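Derivation of every value follows stated rules applied to the coordinates shown; laboratory data play no part. Every value quoted in this text rests on a predicted model; they were computed, and no experiment measured them. Glycine also receives a Cβ, built like all others from the backbone with ideal geometry; neighbour counts cover every protein chain displayed.
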């Protein structure tokens, strides 16, 4: 699940997640309040969350979500740099990881981001209480985001 008020960033993240073979994007929302209301029905294995949004920001979303680990959340923000107070606060509220989107449109930066994001989503999904790497049939099963 993607929660980000920037349409461009949502589309960017959607394209990346949809490019991962076997993964299913189950929702992309500009409004964190609405996303919170559909969470129980959608049951994402991982949430990609922006921090600065109107109506409900990412910190409030994390507070309302609770630090229960049912929905591992990765912060996707230009402000989520190593050692920043924003990162510390988000992790304290239950986020499991963070990533800064690429600052340029270069193919190298894009490819690096795509690879790092895949790794972070995979790692975070293993913390989901509902995640199963294999279904009963033995085929790979991923409802990662």
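Go ahead and estimate [θ] at 222 nm for the chain from helices alone: -39,500 (n - 2.57) per DSSP H run with n ≥ 4, summed, over the residue count, rounded to 500.
-12500 deg cm²/dmol
Given R₀ = 30 Å, FRET efficiency for residue 127-residue 8 by Cβ-Cβ distance, to 0.05? Mind dumping the intermediate values first?
Details: r = 29 Å, r/R0 = 0.95.
With R0 = 30 Å, the Cβ-Cβ based efficiency is 0.55.
Relative contact order (percent) for the chain, with alpha-carbon contacts under 8 angstrom and 6 or more residues of separation? Show your work: numbers first, answer last.
Working: 245 pairs, mean separation 39.3, N = 145.
In percent, rounded to a whole number, it is 27.
If you line up the Cα atoms of region 2-125 on their principal axes, what length do they span on each, largest first, in Å?
37, 33, 26
Taking 8 Å as the Cα distance limit and 6 or more residues as the minimum spacing, I'd like the relative contact order of region 17-60 as a percentage. Don't skip to the answer; put the middle values down first.
Numbers: 27 pairs, mean separation 14.7, N = 44.
RCO, region 17-60: 34 percent.
What distance in nm separates the two pseudo spin-label positions at residue 106 and residue 118, each 7 Å out from Cα along the beta-carbon direction?
The modelled label-to-label distance comes out at 2.1 nm.
Could you give me D for region 43-104, from Stokes-Einstein at 10 °C and 1.306 mPa s, where the hydrodynamic radius is the Kirkwood radius over C-alpha pairs? Units µm² s⁻¹, please.
On the way: Rh = 11.6 Å.
D, rounded to a whole number, is 136 µm²/s.
At 0.36 nm per residue, and after removing the present C-alpha to C-alpha distance, how many nm does the segment from residue 19 to residue 64 gain when stretched out fully?
The span from residue 19 to residue 64 would gain 13.1 nm if fully extended.
Using bins 5 angstrom wide from zero, how does P(r) for region 1-74 break down, in % of all Cα pairs?
Taking all Cα pairs of region 1-74, the binned fractions are 3, 16, 31, 26, 16, 6, 1 percent.
Of all DSSP beta bridges in the chain, what percent run antiparallel (nearest 5)? Before the final figure, lay out each step's value.
Working: 1 of 11 bridges.
Roughly 10 percent of the DSSP beta bridges within the chain come out antiparallel.
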